[in-house]
1. Can you confirm whether the stretch B:273-280 contains a residue that is within 14 Å of chain A (Cβ to nearest Cβ), over 30 Å from residue B:140 (Cα atoms) and at pLDDT below 95?
2. Would you confirm whether any residue within the stretch B:38-50 is assigned to a helix (DSSP H, G or I), more than 21 Å from residue B:210 (Cα to Cα), at pLDDT 95 or above and more than 14 Å from every other protein chain (Cβ to nearest Cβ)?
3. Answer yes or no as to whether residue B:239 is surrounded by fewer than 20 Cβ atoms within 10 Å (Cβ to Cβ), within 15 Å of the chain's Cα centre (by Cα) and at the interface with another protein chain (Cβ under 10 Å from one of its Cβ atoms).
4. Any idea which residue in the stretch B:83-96 is surrounded by the fewest Cβ atoms within 10 Å (Cβ to Cβ), counting only those that are in a helix (DSSP H, G or I) and touching a residue at least 40 places away in the same chain (Cβ under 8 Å)?
5. I'd like the full set of residues that are away from chain A (no Cβ under 11 Å) and not in a strand (DSSP E or B), limited to the stretch B:138-167.
6. Can you tell me how many residues in the stretch B:124-137 are outside any loop (DSSP other than H, G, I, E, B) and either surrounded by fewer than 16 Cβ atoms within 10 Å (Cβ to Cβ) or within 13 Å of chain A (Cβ to nearest Cβ) (or both)?
7. Would you point out the residue of the stretch B:198-218, among those that are within 12 Å of another protein chain (Cβ to nearest Cβ), touching a strand residue (DSSP E or B) at 6+ places or on another chain (Cβ under 6 Å) and part of a helix (DSSP H, G or I), that is farthest from residue B:50 (Cα to Cα)?
8. Looking at the stretch B:247-268, can you tell me whether even one residue there is outside any strand (DSSP E or B) and within 30 Å of residue B:326 (Cα to Cα)?
């Protein structure tokens, strides 16, 4: 079992939990298990053709998986995976439809 | 921090020595450090939630030259977190309000105010006269603009961002460290960022993160400690947990990599998927104005008002609509009668437009979006309804 840290903006898709326990021997498997448990999360993490979105960064413990083996990075028992999206809480210069 | 402004040795007056005595007696700062602070020139972008504590502490600490860039006016809803402004400042320019407070705290401060919106046209010119840039605006277009301009001018970018009760801080674009684009080459597409319904921020959080930014600025100036270069600090105020992640300089980074594709500033609104002037988005769905809704409700016409905001927003104010939050709509659509005419509203009209589009797809024929939402209702129909 490994623990996935869910950032605030995505907690609404995982029943408001801050961490989710999943099984999986790689980051890819752990994420697959995560989105199977919480299907609403899928489109926020993956593009329509199934690739990880560019603004979602993934870390195993404190290492960016882009500099490890990406989604094939091995996850050992007790490791934690962090999903770290880019966040912005401020008011936009030009507001768009997504922020009132 | 290698400042280029110290050709003339900076001398502290007797008053300044007394003022900074708690720094001077500390070996990590001392007279030399205090002189470095006085020689330093820091540019703060924005005097809002993050910019308030940032500017206040930098001014108090004795940073010699502080630049402020802002074009905004103090609003009543700012006061919950933008502590540089007071109730009496509502309606004033943020720059004037901030300047009063900062000069009040430290009359030795050389304050330079820029009453403008930071843009691709003025950023490089503005940054040139400063040693360190601290971005307190916390929106995507400005963040990428500040990042790219920092890389292009070789100035460190002291970064902070907040969302509800979660924050991030780091120092980007130092000579050997990563930049924001090493971390996130591109911004998220607008539709996938959490909507206004999930927005909001705990008032103390920008305080916490802004003070972290100020701390990093001071450390860079003094050249002490371990700055947040190559590290992303994650702050969870609710759990009061701090974690840090390692950041690496990406050789393929589009702006600071070995073969950069961004070599000058671009249109950052377009880059972030934001186009045109601010306007409540209606997505082309049918609309009804608040005056017409009022008239038809008064005439006892058979209209079903659907409110797609969140329950906590409904508690702030409502016009008696049936509450189904936008995210719950797909699961609760059976609560609606497609034979009746439905008017959907939210706070400003954005979420309700999405709801109308969804209902149309689900086969509803008589659905209208309330243009401008409950805010327009409060402004034009019933002033007793509070705005938020």
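1. no
2. Yes, the stretch B:38-50 contains a residue that is assigned to a helix (DSSP H, G or I), more than 21 Å from residue B:210 (Cα to Cα), at pLDDT 95 or above and more than 14 Å from every other protein chain (Cβ to nearest Cβ).
3. Details: surrounded by fewer than 20 Cβ atoms within 10 Å (Cβ to Cβ): yes; within 15 Å of the chain's Cα centre (by Cα): no; at the interface with another protein chain (Cβ under 10 Å from one of its Cβ atoms): yes.
Considered against the rule, which asks whether it is surrounded by fewer than 20 Cβ atoms within 10 Å (Cβ to Cβ), within 15 Å of the chain's Cα centre (by Cα) and at the interface with another protein chain (Cβ under 10 Å from one of its Cβ atoms), residue B:239 comes out as no.
4. Residue satisfying both the conditions and the ranking: B:95.
5. B:146, B:147, B:148, B:149, B:150, B:151, B:152, B:153, B:154, B:155, B:156
6. Counting residues in the stretch B:124-137 that are outside any loop (DSSP other than H, G, I, E, B) and either surrounded by fewer than 16 Cβ atoms within 10 Å (Cβ to Cβ) or within 13 Å of chain A (Cβ to nearest Cβ) (or both) gives 4.
7. Result: B:205.
8. The answer is yes, given that some residue of the stretch B:247-268 is outside any strand (DSSP E or B) and within 30 Å of residue B:326 (Cα to Cα).
The values are calculated or read from the model by the stated rules, or taken from the named source; none is laboratory data. Computed from a predicted structure; not experimentally measured. FYI the Cβ positions are ideal-geometry reconstructions off the backbone, even for glycines, and counts take in every protein chain you see.
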